[in-house]
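Structure, as structure tokens:
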Amino acid sequence: MRLTVFIEPQQGADYDTLLAVAKATEDLGFDAFFRSDHYLAMVGDGLPGPTDAWITLAGLARETSRIRLGTLMSAGTFRLPGVLAIQVAQVDAMSGGRVEFGLGAGWYEAEHTAYGIPFPKEKIARLAEQLAVITGLWETPLGKTFDFEGDFYQLMTLPRCPSPCRRRCRC
């Protein structure tokens, strides 16, 4: 059995608290540390304020050595797929191949409204394109470029994106 610690820092946790929990997760023999990908508290004031999931995981990647790191799922509505592909691959490289990546359509409309993030009606269709873009970038051979023509995303002559370590080297 594998055990994962999951926290909701938008309810009130700063980076130092997240780091302490991640280190305790590792020290106590748990297998993974996951955090939510939210910016707005669902209950209470959420103080001391929001943290960004992928920036936090980048820091934790350098401060831990064994536990897998990830979000329960990253909201596809928060980030453009090409940028997210780069962010995930970068954190994975920083961790030595310990990232778990889950992508979802996004659901919390009030959070989107609060931060001025569009909340599209066609979230599932966008999610399908986001998955195609992310996997396409990760699968593009070295020296080649990636093009994508969809209803929501159009990318032209995009250079190969580094892929997560396990896709590359089965770490």
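The values are calculated or read from the model by the stated rules, or taken from the named source; none is laboratory data. This structure is a prediction, so every number in the text was calculated from the model and none was measured. Because the Cβ atoms are built from the backbone with ideal geometry, glycine has one as well, and the counts that use them run over all protein chains shown.
May I ask you to verify whether PRO162 is part of a loop (DSSP other than H, G, I, E, B), exposed (fewer than 14 other Cβ atoms within 10 Å of the Cβ) and touching a residue at least 40 places away in the same chain (Cβ under 8 Å)?
no
Scan the stretch 102-127 for residues that are part of a loop (DSSP other than H, G, I, E, B) and either surrounded by 19 or more Cβ atoms within 10 Å (Cβ to Cβ) or not hydrophobic (A, V, I, L, M, F, W, C) (or both) and report the count. Step through it out loud before you land on a result.
To start, the set of residues in the stretch 102-127 that are part of a loop (DSSP other than H, G, I, E, B) comprises 102, 105-108, 116-122.
Still in the running and either surrounded by 19 or more Cβ atoms within 10 Å (Cβ to Cβ) or not hydrophobic (A, V, I, L, M, F, W, C) (or both): 102, 106, 108, 116, 118, 120-122.
Residues in the stretch 102-127 being part of a loop (DSSP other than H, G, I, E, B) and either surrounded by 19 or more Cβ atoms within 10 Å (Cβ to Cβ) or not hydrophobic (A, V, I, L, M, F, W, C) (or both): 8 in total.
How many residues does the stretch 81-138 hold that are at pLDDT 95 or above and at positive phi?
The total comes to 3.
Filter the stretch 128-155 for residues that are touching a strand residue (DSSP E or B) at 6+ places or on another chain (Cβ under 8 Å) and aliphatic (A, V, I, L, M); which is farthest from GLY104 (Cα to Cα)?
LEU155
Which of the residues that make up the stretch 31-53 are surrounded by fewer than 21 Cβ atoms within 10 Å (Cβ to Cβ), closer than 20 Å to ALA93 by Cβ and hydrophobic (A, V, I, L, M, F, W, C)?
Selection gives ALA32 alone.
In the stretch 41-99, what count of residues is obtained for those that are of a type in the set (Lys, Arg) and part of a helix (DSSP H, G or I)? Outline the logic, then answer.
First pass over the stretch 41-99, keeping only residues of a type in the set (Lys, Arg): 62, 66, 68, 79, 98.
Add one more test, that the residue is part of a helix (DSSP H, G or I), and what stays is 62.
Residues that pass the stated criteria total 1.
Could you figure out which of (1) in contact with a strand residue (DSSP E or B) (Cβ under 9 Å, 6 or more places away or on another chain); (2) among the basic types (Lys, Arg); (3) without any contact (Cβ under 8 Å) to a residue 12 or more places away in the chain isn't true of ARG68?
Among (1) in contact with a strand residue (DSSP E or B) (Cβ under 9 Å, 6 or more places away or on another chain); (2) among the basic types (Lys, Arg); (3) without any contact (Cβ under 8 Å) to a residue 12 or more places away in the chain, ARG68 violates only (3).
Quick grid of which residues meet (1) of a type in the set (Ser, Thr, Tyr); (2) in contact with a Pro (Cβ under 8 Å, 6 or more places away or on another chain):
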residue: THR25; (1), (2): yes, no
residue: ARG35; (1), (2): no, yes
residue: GLY44; (1), (2): no, no
residue: ASP92; (1), (2): no, yes
residue: ARG98; (1), (2): no, no
